[in-house]
1. Any residue at all in region 113-133 that is under 24 Å from residue 38 (Cβ atoms), under 17 Å from the mean Cα position of the chain (by Cα), surrounded by 15 or more Cβ atoms within 10 Å (Cβ to Cβ) and without any contact (Cβ under 8 Å) to a residue 12 or more places away in the chain?
2. From 107, 42, 78, 87, grab the single residue that is buried (at least 16 other Cβ atoms within 10 Å of the Cβ) and within 24 Å of residue 22 (Cα to Cα).
3. Within region 62-75, count every residue that is exposed (fewer than 10 other Cβ atoms within 10 Å of the Cβ) and either touching a strand residue (DSSP E or B) at 6+ places or on another chain (Cβ under 8 Å) or without any contact (Cβ under 8 Å) to a residue 12 or more places away in the chain (or both).
4. Quick one: in region 135-150, which of the residues that are surrounded by 12 or more Cβ atoms within 10 Å (Cβ to Cβ) and free of Cβ contacts under 8 Å to residues at least 40 places away in the same chain is farthest from residue 112 (Cα to Cα)?
5. Between 61, 48, which is within 30 Å of residue 7 (Cβ to Cβ) and in contact with a helix residue (DSSP H, G or I) (Cβ under 6 Å, 6 or more places away or on another chain)?
6. Can you spot a residue in region 134-150 that is at pLDDT below 85 and more than 30 Å from residue 23 (Cβ to Cβ)?
7. Based on this model, can you work out whether residue 86 counts as modelled with pLDDT of 90 or more and assigned to a helix (DSSP H, G or I)?
8. Does residue 157 satisfy being out of contact with any strand residue (DSSP E or B) (no Cβ under 9 Å at 6 or more places or on another chain), modelled with pLDDT under 85 and farther than 17 Å from residue 85 by Cα?
């Protein structure tokens, strides 16, 4: 839902509010609206959903719900960051898609995925700024480079150092 102006945003938020009100206060059965977004998309008081007061009142979370004990009866369920194990599994699944689920076509091994993850998590600010979207974008970029340039090899001794066999410096 992209808005070009604050008037468009207000109109979109009003439509969302109406749909939310209908689904929670009426007898509509078997209807569900699922939106995905960042915390900023939700809580930004200037541009986010919370900028529309009626939505803010409906969507605001339970102050007594803590990380381990989520309130699943609320319209907003905040998700935890992906764990390293979940991110590793996600990268393996992306690798499988690139290889068309054929293990002989894998562009990187599990060990190389782990090295790539070390590179991601050891960068300055990774704890604060690394998002699944950014991680996925970089991993797909790596796979694309390897796929488009078969002469490039992933060197596990040096993170993200590629050996280009046809280039020789004399």
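1. Within region 113-133, one or more residues are under 24 Å from residue 38 (Cβ atoms), under 17 Å from the mean Cα position of the chain (by Cα), surrounded by 15 or more Cβ atoms within 10 Å (Cβ to Cβ) and without any contact (Cβ under 8 Å) to a residue 12 or more places away in the chain.
2. Residue meeting the stated conditions: 42.
3. Step one: of region 62-75, the residues exposed (fewer than 10 other Cβ atoms within 10 Å of the Cβ) are 63-64, 66-69, 72-73.
Okay, now just the ones that are also either touching a strand residue (DSSP E or B) at 6+ places or on another chain (Cβ under 8 Å) or without any contact (Cβ under 8 Å) to a residue 12 or more places away in the chain (or both), so 63-64, 66, 68-69, 72-73.
Of the residues in that region, 7 qualify.
4. The first filter runs over region 135-150 and keeps only residues surrounded by 12 or more Cβ atoms within 10 Å (Cβ to Cβ), leaving 135-136, 138-140, 142-147, 149.
This time we only want the ones that are free of Cβ contacts under 8 Å to residues at least 40 places away in the same chain, so: 138, 142, 144-146, 149.
Working: 138: 14, 142: 11, 144: 15, 145: 15, 146: 12, 149: 17 Å.
Selected residue: 149.
5. Numbers: 61 fails: in contact with a helix residue (DSSP H, G or I) (Cβ under 6 Å, 6 or more places away or on another chain).
Exactly one of 61, 48 is within 30 Å of residue 7 (Cβ to Cβ) and in contact with a helix residue (DSSP H, G or I) (Cβ under 6 Å, 6 or more places away or on another chain), namely 48.
6. We begin by selecting, within region 134-150, every residue at pLDDT below 85; these are 149-150.
If we keep only those that are more than 30 Å from residue 23 (Cβ to Cβ) as well, we get 149-150.
The answer is yes; a qualifying residue exists.
7. On the way: modelled with pLDDT of 90 or more: yes; assigned to a helix (DSSP H, G or I): yes.
Considered against the rule, which asks whether it is modelled with pLDDT of 90 or more and assigned to a helix (DSSP H, G or I), residue 86 comes out as yes.
8. On the way: out of contact with any strand residue (DSSP E or B) (no Cβ under 9 Å at 6 or more places or on another chain): yes; modelled with pLDDT under 85: yes; farther than 17 Å from residue 85 by Cα: yes.
Against the criterion (out of contact with any strand residue (DSSP E or B) (no Cβ under 9 Å at 6 or more places or on another chain), modelled with pLDDT under 85 and farther than 17 Å from residue 85 by Cα), residue 157 qualifies.
The values are calculated or read from the model by the stated rules, or taken from the named source; none is laboratory data. Computed from a predicted model, the values in this text were never measured in an experiment. Every residue, glycine as well, gets a Cβ built from its backbone with ideal geometry; the counts of neighbours run over all protein chains shown.
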